Amino acid sequence: MSLIQETDFGTPKSKSETMVTLIIDGNQITVPEGTSIMRAAMEAGTQIPKLCATDMVDAFGSCRLCLVEIEGRAGTPASCTTPVMPGLVVHTQSERLRKLRKGVMELYISDHPLDCLTCAANGDCELQDMAGAVGLRDVRYGYEGENHVFAKSHGCENDNWMPKDESNPYFTYDPSKCIVCSRCVRACEEVQGTFALTISGRGFDSRVSPGMSESFLGSECVSCGACVQACPTATLTEKSVIEIGQPEHSVVTTCAYCGVGCAFKAEMRGEEVVRMVPWKNGKANRGHSCVKGRFAWGYTTHKERILKPMIRERIEDPWQEVSWDEAFNFAAVKFKGIQQRYGRDAVGGITSSRCTNEETYLVQKLIRGGFGNNNVDTCARVCHSPTGYGLSQTFGTSAGTQDFDSVEDTDVVMIIGANPASAHPVFASRLKKRLRQGARLIVLDPRRTEMVESPHVKALHLPLMPGTNVAVVTALAHVIVTEGLVNESFVRERCDWSEFEEWAAFVAQEKYSPEATAIMTGVDPNDLREAARIYATGGNGAIYYGLGVTEHSQGSTTVIAIANLAMATGNIGRPGVGVNPLRGQNNVQGSCDMGSFPHELPGYRHISGDAVREQFEAMWNVKLNKEPGLRIPNMFDAAIEGTFMGLYVQGEDILQSDPNTKHVVAALSAMECVIVHDLFLNETANYAHVFLPGSTFLEKDGTFTNAERRIQRVRKVMTPRNGYADWEVTILLAKAMGFEMHYNHPSEIMDEIAALTPTFTGVSYARLDELGSVQWPCNEKAPEGTPIMHIGGFVRGKGKFIVTEYVATDERTGPRYPLLLTTGRILSQYNVGAQTRRTENVVWHAEDRLEIHPHDAEQRGVRDGDWVRLASRAGETTLRAEITDRVAPGVVYTTFHHPDTQANVITTDFSDWATNCPEYKVTAVQISPSNGPSDWQKAYDEQARHSRRIAPVVEAAE
Amino acid sequence: MSSSPDKLVYMANQIGKFFHSQGHDRAVQGISEHIWKFWDPRMRKQIFAHLDAGGAGLDPDVLDALQKLKQQA
């Protein structure tokens, strides 16, 4: 293994299909029109010296190192900013160029420290490389004059010198090493889209400045790492590199945070991670990253990680560390006993959307084959199950229609109930880039999100009241139908025409117009009409949506309404359009694909189908139950009722993430054996009897499937600290329970998946190694996968329009609970925070805050930063208030990343009619000033402390 | 919404409300198919028991759908 060196072509790739031929250094080269001479030379293998150019950002032409000579042209143009032309004859090296470059380098080095041996960039410094490339041997100017290098000059303070900025927890800014190439500034603008950095001053006074000469931490910087990656010197350097040194080998793997699925190079020294660097060939992220994937992997070695299996008879007892065999046997005896006493259907399990496809597949196989029932569910139940239902009903597949590259061809972006800037940041950056090029943006969200407020992005924001999605999306359809904006030829060709007519007549009724529904939705009818017109007529229209759509009583209905809208306008089946669910966790798509739902086998095939079931029975050598099993909320109800007594939970913290915490506590307390398989003693583990230590994504092989259906490899870079990868743990647990599964490597599990799942028949580790990644369906019809679905026709045949009646949720405001609470995420934290809370990311978000409008705050005597009591019909908690007009009057908002807040104590039992996906996004609440934690929080904290005790190991006497 | 039949009645009626706008016949078909596809046997058994006890609280479409489903079972 060695360090993967990615070629830097200096300037971005041209998308032109017109080819141009020219001669560089005597060699004929053909490249697309619009390519720079620098890139053309590099494609032919000639690296022209450069400092300010890098292929992640547009050419800038400031360093004057990349000069070339062109026959017939005067002077020495910069090769980065000079495009190729047919017949040009270019020379990259000559006496004149040599002298010029040496002179330029001499000036750079005359204001740069010469501490190369002890510099963190030693071994990875482009400045040093270029000094070598141009043959710099001498700096005639000396260091006596004005400089940025030394704190003192001639015994006096040097006003030009600035100390290091170490405010960011992950990287350091050392101004003395800056060559003002602007790569960081341009990466922040062009790649990330935050515009946090600028160059202040001019000439010799020029400096990189976060905001208005602020610290990095104090500025708008979102710590995505793009600037650090772009920096050619040690000016911006990862603290881990400063501490450890340069990596010696690297392995390409996939981030284990959100559903974007960024590809990273894990840069290693032995089994120690030096840094994670986004991989330019990663098709989801194209070389970009966010603060989580790039920097927040320290939880892997966090001291709170549990590395030994533990058991206990009662949850009141302290944990007892035992051998793996003892833990497996203990669990097996408990589960078998439960099945003997309460019946075969009294146990079940939850697969993890954070684990690999292979691991998820094994857990559902254990449950269906080993437990003999179908009580398997996954966290998608509480996030995107309505997507699965809605899109399969209308289009015929339970997945998004596009790849992320599609956004580059989009003209109108409609975001509904999602905040990609916080929850899917790398996709948001790609989207914002397209918006800055002129695509238009419509945002349906109760809150003025970061997407609405992005720099150089103008959004048409429809701030709807939480819970009125169906009314708003149906009103959009009303406008499209009644104003004659339907794409009739598309609908006639691709969809069932009579169903369309019925739907069109339904939405055209006056009662669904923007004007008639405004009283419920709170959306200005003129804005809504404008949004409908833009989406229907503005060119390629793409809808991206998130949990603000699905996590409602009518989640599935909204997904169907969105699908209707896309079909009516013909925005399906080509690049730039589509319906795209933004998946929360890294492998939500995969866990759904792998048969984690109680009613369907891998590949979304209903368990009652005899032919499909028989295939699995033959492969697994076991008889399968043909009845659908319990979904997560049904498991809780059945537990309280006394018919569901044992649960195996892999990589999921249901107690913190699921709604109505008190109900979950009651359900878990009622069970006789809860097995938690996780990295940490999470909240669910407080109610567990067996703890099986889990492994991180760095410690195992496998695959994740992201929101674009892209299957990507996860590669092991270190030995599991707990001893086993999660797939091995499930196999051993199954064995203890008497169900044998034999695999030597996860690739064999994938082979079995491919053999049993029609959309996966072409998938294998060899194929993934060859292509980098592949989007399902991948089979004989599409051997290289399917970036865009429903081209030329829908998977189900004709697209199906379904009428979507708005039914208000039964969670209503009233005199006691007059405000609506909605929940969401923040950039620096991830889900329940089990991983990110154990990293330096807490500097950005150490606690959940309640956003409240100044009007509502004043009425209640709440000031910014005050502790407030947040109460709903389900429960109450306390947290601190943040006063902001991002939320409308009557709406409050919080995140759910911290267990001491327990936002889900507040959320209720209401759920989606079709899938039981909980209604997290609408809860009627009241706010009042408070002195500190509620009684529930104190009692919970006490129980958690008590439950986390681990009994000291008693050494046997000699 | 804690005791079991109440919750199942609520869930069944929620399903009914979605299909209601499709007209009685299609609603009955849609509701019974949905419950057959997604409810585990113990949930179906409980709602059938509730149906036998008079089916209090069930909306008309849902009542018909459950009767149809029970006959098929």
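Screening the candidates A:561, A:542 for the property of being within 14 Å of chain B (Cβ to nearest Cβ) and buried (at least 22 other Cβ atoms within 10 Å of the Cβ) yields one hit, A:561.
For the stretch A:143-160, the criterion of a residue being within 18 Å of residue A:181 (Cα to Cα), aliphatic (A, V, I, L, M) and modelled with pLDDT under 95 is satisfied by at least one position. Taking the conditions exactly as written (assigned to a loop (DSSP other than H, G, I, E, B), among the acidic types (Asp, Glu), touching a residue at least 40 places away in the same chain (Cβ under 8 Å) and open to solvent by 50 Å² or more (accessible area, probe 1.4 Å)), does residue A:58 satisfy them or not? It is true that residue A:58 is assigned to a loop (DSSP other than H, G, I, E, B), among the acidic types (Asp, Glu), touching a residue at least 40 places away in the same chain (Cβ under 8 Å) and open to solvent by 50 Å² or more (accessible area, probe 1.4 Å). Against the definition (without any contact (Cβ under 8 Å) to a residue 60 or more places away in the chain, acidic (Asp, Glu) and more than 23 Å from residue A:468 (Cα to Cα)), how does residue A:493 come out, yes or no? Yes: the conditions hold for residue A:493. Return yes when residue A:197 is of a type in the set (A, V, I, L, M), open to solvent by 20 Å² or more (accessible area, probe 1.4 Å) and modelled with pLDDT of 95 or more and no when it is not. Taking the combined requirement at face value, the residue does not satisfy it.
The single residue among A:129, A:124 that is without any contact (Cβ under 8 Å) to a residue 12 or more places away in the chain and under 24 Å from residue A:12 (Cβ atoms) turns out to be A:129. I'd like the residue in the stretch A:835-885 that is of a type in the set (Ser, Thr, Tyr) and in a strand (DSSP E or B) and, out of all such residues, is farthest from residue A:666 (Cα to Cα). Selected residue: A:878.
Taking the stretch A:214-267 as the range and being over 24 Å from residue A:53 (Cβ atoms) and in a helix (DSSP H, G or I) as the test, the residues that pass are A:239, A:240, A:242, A:243, A:244. A single member of A:863, A:873, A:849 is among the charged types (D, E, K, R) and under 30 Å from residue B:40 (Cα atoms), and it is A:873. For residue A:631, only one of the following conditions fails: (1) more than 30 Å from residue A:253 (Cβ to Cβ); (2) among the charged types (D, E, K, R); (3) open to solvent by 10 Å² or more (accessible area, probe 1.4 Å). What is its number? Result: residue A:631 passes all but (3). If you check A:656, A:615, A:589 for being open to solvent by 10 Å² or more (accessible area, probe 1.4 Å) and under 26 Å from residue A:727 (Cβ atoms), only one passes: A:615. When residue A:112 is tested against (1) open to solvent by less than 30 Å² (accessible area, probe 1.4 Å); (2) out of contact with any Pro (no Cβ under 9 Å at 6 or more places or on another chain); (3) part of a helix (DSSP H, G or I), only condition (3) is not met. Taking each residue of the stretch A:532-554 that is of a type in the set (A, V, I, L, M) and looking for partners that are open to solvent by 20 Å² or more (accessible area, probe 1.4 Å) with beta-carbon atoms closer than 6 Å, six or more apart or interchain, yields A:534/A:440; A:536/A:485. Residue A:638 meets each of the listed conditions (1) more than 9 Å from every other protein chain (Cβ to nearest Cβ); (2) touching a Leu at 6+ places or on another chain (Cβ under 9 Å); (3) open to solvent by less than 40 Å² (accessible area, probe 1.4 Å) apart from (1). Candidates A:594, A:567: the one that is of a type outside the set (Ser, Thr, Tyr), farther than 25 Å from residue A:463 by Cβ, buried (at least 24 other Cβ atoms within 10 Å of the Cβ) and not assigned by TED's automatic domain parsing to the domain that holds residue A:405 is A:594. Looking at this structure, is residue A:304 farther than 30 Å from residue A:630 by Cβ, away from every other protein chain (no Cβ under 14 Å), modelled with pLDDT under 95 and open to solvent by 60 Å² or more (accessible area, probe 1.4 Å)? When the stated conditions are applied, residue A:304 passes them.
Restricting to the stretch B:13-38, and then to whatever is polar (S, T, N, Q) and away from chain A (no Cβ under 13 Å), can you tell me which residue is most open to solvent (accessible area, probe 1.4 Å)? Across the stretch B:13-38, the extreme among qualifying residues is B:29. Specify the residue that is nearest to residue A:874 (Cα to Cα); the eligible residues are those in the stretch A:646-676 that are away from every other protein chain (no Cβ under 13 Å) and in a loop (DSSP other than H, G, I, E, B). Among them, the one singled out is A:658. Residues in the stretch A:147-180 that are in a loop (DSSP other than H, G, I, E, B) and under 13 Å from residue A:109 (Cα atoms): A:147, A:148, A:149, A:178, A:179, A:180.
Within the stretch A:894-910, is even one residue assigned to a strand (DSSP E or B), in contact with a Lys or Arg (Cβ under 9 Å, 6 or more places away or on another chain) and more than 14 Å from every other protein chain (Cβ to nearest Cβ)? For the stretch A:894-910, residues assigned to a strand (DSSP E or B), in contact with a Lys or Arg (Cβ under 9 Å, 6 or more places away or on another chain) and more than 14 Å from every other protein chain (Cβ to nearest Cβ): present. What do you reckon, is residue A:268 of a type outside the set (Gly, Ala, Ser), open to solvent by less than 10 Å² (accessible area, probe 1.4 Å) and under 20 Å from the mean Cα position of the chain (by Cα)? Considered against the rule, which asks whether it is of a type outside the set (Gly, Ala, Ser), open to solvent by less than 10 Å² (accessible area, probe 1.4 Å) and under 20 Å from the mean Cα position of the chain (by Cα), residue A:268 comes out as no.
Per-residue answers, yes or no, for (1) modelled with pLDDT under 90; (2) in the same structural domain as residue A:523 (by TED's automatic domain parsing); (3) not basic (Lys, Arg):
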residue	(1), (2), (3)
A:853	no, no, yes
A:863	no, no, no
A:870	no, no, yes
A:920	yes, no, yes
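Within the stretch B:39-66, the set of residues being at the interface with another protein chain (Cβ under 10 Å from one of its Cβ atoms), surrounded by fewer than 23 Cβ atoms within 10 Å (Cβ to Cβ) and among the hydrophobic types (A, V, I, L, M, F, W, C) comprises B:43 only. Per the conditions (1) outside the structural domain of residue A:681 (by TED's automatic domain parsing); (2) outside any strand (DSSP E or B); (3) of a type in the set (A, V, I, L, M); (4) surrounded by 23 or more Cβ atoms within 10 Å (Cβ to Cβ), the sole criterion not satisfied by residue A:327 is (1). Evaluated against (1) more than 23 Å from the chain's Cα centre (by Cα); (2) among the charged types (D, E, K, R); (3) more than 20 Å from residue A:633 (Cβ to Cβ), residue A:662 falls short on exactly one condition, (3).
Report whether or not residue A:138 is within 18 Å of residue A:231 (Cα to Cα), touching a residue at least 24 places away in the same chain (Cβ under 8 Å) and either in a loop (DSSP other than H, G, I, E, B) or open to solvent by less than 50 Å² (accessible area, probe 1.4 Å) (or both). Spelling it out, it is not the case that residue A:138 is within 18 Å of residue A:231 (Cα to Cα), touching a residue at least 24 places away in the same chain (Cβ under 8 Å) and either in a loop (DSSP other than H, G, I, E, B) or open to solvent by less than 50 Å² (accessible area, probe 1.4 Å) (or both).
Yes/no matrix, rows are residues, columns are (1) in a loop (DSSP other than H, G, I, E, B); (2) more than 25 Å from residue A:704 (Cβ to Cβ); (3) touching a Ser or Thr at 6+ places or on another chain (Cβ under 7 Å); (4) modelled with pLDDT under 95:
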| position | (1), (2), (3), (4) |
| --- | --- |
| A:528 | no, yes, no, no |
| A:535 | no, yes, yes, no |
| A:559 | no, no, yes, no |
| A:572 | yes, yes, yes, no |
| A:583 | yes, no, no, yes |
| A:589 | no, no, yes, yes |
| A:634 | no, yes, no, yes |
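The values are calculated or read from the model by the stated rules, or taken from the named source; none is laboratory data. Since we're looking at a predicted model, the values are computed, not measured. Note that each Cβ is placed from the backbone with ideal geometry, even for glycine, and that neighbours are counted across all protein chains shown. Calculation scope for accessible area: heavy atoms of the full protein, side chains included, ligands and nucleic acids excluded. Shrake-Rupley method; radii C 1.70, N 1.55, O 1.52, S 1.80 Å.
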